[in-house]
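Asker: Before we start, here is the structure in question, set down as structure tokens.
The values are calculated or read from the model by the stated rules, or taken from the named source; none is laboratory data. Please read these numbers as outputs of a predicted model, since none were measured by experiment. Don't worry about glycine lacking a Cβ; one is built from the backbone with ideal geometry, like all the others, and counts go over all protein chains shown.
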Amino acid sequence: MVAKQKTAELDPARILVGPAGWSYPDWKGILYPPRRAKGFHEVAYLADFFDTIEINTSFYHPLKPDFAAQWLEHVAANPRFLFTAKLWQKFTHQDNATAGDVKIVRAGFDILRAANRLGAVLLQFPFSFHNTGENRARLNHILDDFGVYPLVVEVRHASWAKKEFYELLHERGVGFCNIDQPVIGRSIRPSERVTSPIGYVRLHGRRYDTWFSDDPASPASERYNYLYSEEELEPWAKRIEHVAENTGMTFVVTNNHFDAKGIVNALQLIHLLSGNKVKVPETLRAHYPQLEAIANEPAAEPTLFPLPRQ
């Protein structure tokens, strides 16, 4: 599918597209070179192709300040680059966080904020988090604790799709995360809603068969094993454009990380939004030939003895 032509390139100051996370074992040899040069770091590598990455590790444990400082060094060569970061799941998936936990989380985020590299903090709530009085109070409490940061809320249950909820986010200056997910039962549907100067879009894939699976034989990563076609991405490109028309900054994150499929779709989205060809990682294009059509440079000449995947 040919992207529509535009009069100007995608404004990197307004729409930043990138993946969720960077540390996945299955990316070695598919995205990352099988053999890496001395000093290779995944963040520095990705910052050569994307202007944002959503930090995933901060969801599982508080971001350590020294790690944050190191990551800043890795993206220094890209002046447009901004991180976004997921809030620790102790706040969004549990209900036992303490004031000490708030302090620890903020210590890591503050390193990124002080360097003007923190674009947003994402509060990702699970499908089980329904719109109840108790949960609204809990949400407000979290917003109070982290209100010094640009916040975005992701909810997955359709009970939140109400005018009052969007008005609450707007009044608090908090962004709404528009998501693509398998729409099953009361799952919230795709949208292009804006509630703050920050727009946010996350694409999770459409693996209906594994999205809510608790089968121990099916690894959790399988729910993100989905590659969007360009035809499926085109409606999202239009939604993203509409979101960006009403925000100062819009982040687009591809979370379908299995076998680096989200990287493929992030590159395709940049192409669709800009109308221009894009820089494509050499290792990745060998696994996804469809990237040849949007690559801004021809593929490198193959070596006589290709390196095996390790």
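Asker: Out of all the residues in the stretch 241-262, is one or more of a type in the set (S, T, N, Q), within 26 Å of GLN124 (Cα to Cα) and more than 15 Å from the chain's Cα centre (by Cα)?
Answerer: yes
Asker: Please go through the stretch 216-233 and pick out each residue that is at pLDDT 85 or above, in a helix (DSSP H, G or I) and not charged (D, E, K, R).
Answerer: Passing the criteria: TYR224, LEU233.
Asker: Do you know which residues across the stretch 4-22 are at pLDDT below 95 and not aliphatic (A, V, I, L, M)?
Answerer: LYS4, GLN5, LYS6, THR7, GLU9, ASP11, PRO12, ARG14
Asker: Using beta carbons and a limit of 9 Å, which pairs, at least six apart or on different chains, have the first residue in the stretch 115-143 and touching a residue at least 12 places away in the same chain (Cβ under 8 Å) and closer than 21 Å to GLY199 by Cα and the second one part of a loop (DSSP other than H, G, I, E, B) and hydroxyl-bearing (Ser, Thr, Tyr)?
Answerer: As it stands, the answer is LEU118/TYR149; ALA120/TYR149; VAL121/TYR149, since those pairs meet every condition given.
Asker: Tell me, yes or no, whether the stretch 267-286 has at least one residue that is assigned to a loop (DSSP other than H, G, I, E, B) and surrounded by 19 or more Cβ atoms within 10 Å (Cβ to Cβ).
Answerer: Taking the stretch 267-286 as the starting set, the residues that turn out to be assigned to a loop (DSSP other than H, G, I, E, B) are 275-277, 279-281.
Then drop every residue that is not surrounded by 19 or more Cβ atoms within 10 Å (Cβ to Cβ), which leaves 280-281.
For the stretch 267-286, residues assigned to a loop (DSSP other than H, G, I, E, B) and surrounded by 19 or more Cβ atoms within 10 Å (Cβ to Cβ): present.
Asker: Ok, one more. Go through the stretch 43-89 and count every residue that is free of Cβ contacts under 8 Å to residues at least 24 places away in the same chain and part of a loop (DSSP other than H, G, I, E, B).
Answerer: 2
Asker: I'd like to know if the stretch 268-287 contains one or more residues that are in contact with a Pro (Cβ under 6 Å, 6 or more places away or on another chain) and either modelled with pLDDT of 95 or more or among the β-branched types (Val, Ile, Thr) (or both).
Answerer: Within the stretch 268-287, one or more residues are in contact with a Pro (Cβ under 6 Å, 6 or more places away or on another chain) and either modelled with pLDDT of 95 or more or among the β-branched types (Val, Ile, Thr) (or both).
Asker: Restricting the search to the stretch 223-268, which residues are in contact with a Phe, Trp or Tyr (Cβ under 7 Å, 6 or more places away or on another chain), among the charged types (D, E, K, R) and farther than 19 Å from ILE294 by Cα?
Answerer: ARG223
Asker: Still on this structure, I have one more. Would you check if HIS204 is closer than 15 Å to PRO126 by Cα and of a type outside the set (S, T, N, Q)?
Answerer: It is true that HIS204 is closer than 15 Å to PRO126 by Cα and of a type outside the set (S, T, N, Q).
Asker: Check off (1) assigned to a helix (DSSP H, G or I); (2) within 18 Å of the chain's Cα centre (by Cα) for VAL121 and give me the number that stays unchecked.
Answerer: For VAL121, the failing item is (1).
Asker: Further, regarding this structure: Name every residue in the stretch 174-206 that is farther than 18 Å from LYS238 by Cα, touching a Phe, Trp or Tyr at 6+ places or on another chain (Cβ under 8 Å) and small (Gly, Ala, Ser), in order of residue number.
Answerer: Of everything in the stretch 174-206, those that are farther than 18 Å from LYS238 by Cα, touching a Phe, Trp or Tyr at 6+ places or on another chain (Cβ under 8 Å) and small (Gly, Ala, Ser) turn out to be GLY175, SER187, SER196.
Asker: Next up: Check TYR224, TYR208 and return the single one that is buried (at least 17 other Cβ atoms within 10 Å of the Cβ) and not hydrophobic (A, V, I, L, M, F, W, C). Let's see the steps before the verdict.
Answerer: Values: TYR208 fails: buried (at least 17 other Cβ atoms within 10 Å of the Cβ).
The match here is TYR224.
Asker: Can I ask one more? So for the stretch 87-99 (the condition being of a type in the set (Lys, Arg), out of contact with any Pro (no Cβ under 7 Å at 6 or more places or on another chain) and surrounded by 14 or more Cβ atoms within 10 Å (Cβ to Cβ)), does at least one residue qualify? Step through it out loud before you land on a result.
Answerer: Of all residues in the stretch 87-99, those of a type in the set (Lys, Arg) come to 90.
Now restrict to residues that are out of contact with any Pro (no Cβ under 7 Å at 6 or more places or on another chain): 90.
Checking the rest, the ones that are also surrounded by 14 or more Cβ atoms within 10 Å (Cβ to Cβ) come to 90.
Checked against the condition, which is being of a type in the set (Lys, Arg), out of contact with any Pro (no Cβ under 7 Å at 6 or more places or on another chain) and surrounded by 14 or more Cβ atoms within 10 Å (Cβ to Cβ), the stretch 87-99 yields at least one hit.
Asker: Which residue, of ASN116, ASN78, ASN131, is surrounded by fewer than 22 Cβ atoms within 10 Å (Cβ to Cβ) and in contact with a His (Cβ under 8 Å, 6 or more places away or on another chain)?
Answerer: Just a single option satisfies the conditions, and that option is ASN131.
Asker: Considering only the stretch 164-197, state which residues are under 23 Å from MET249 (Cα atoms) and surrounded by fewer than 14 Cβ atoms within 10 Å (Cβ to Cβ).
Answerer: Listed by number, the residues that qualify are GLU167, GLU171, ARG189, PRO197.
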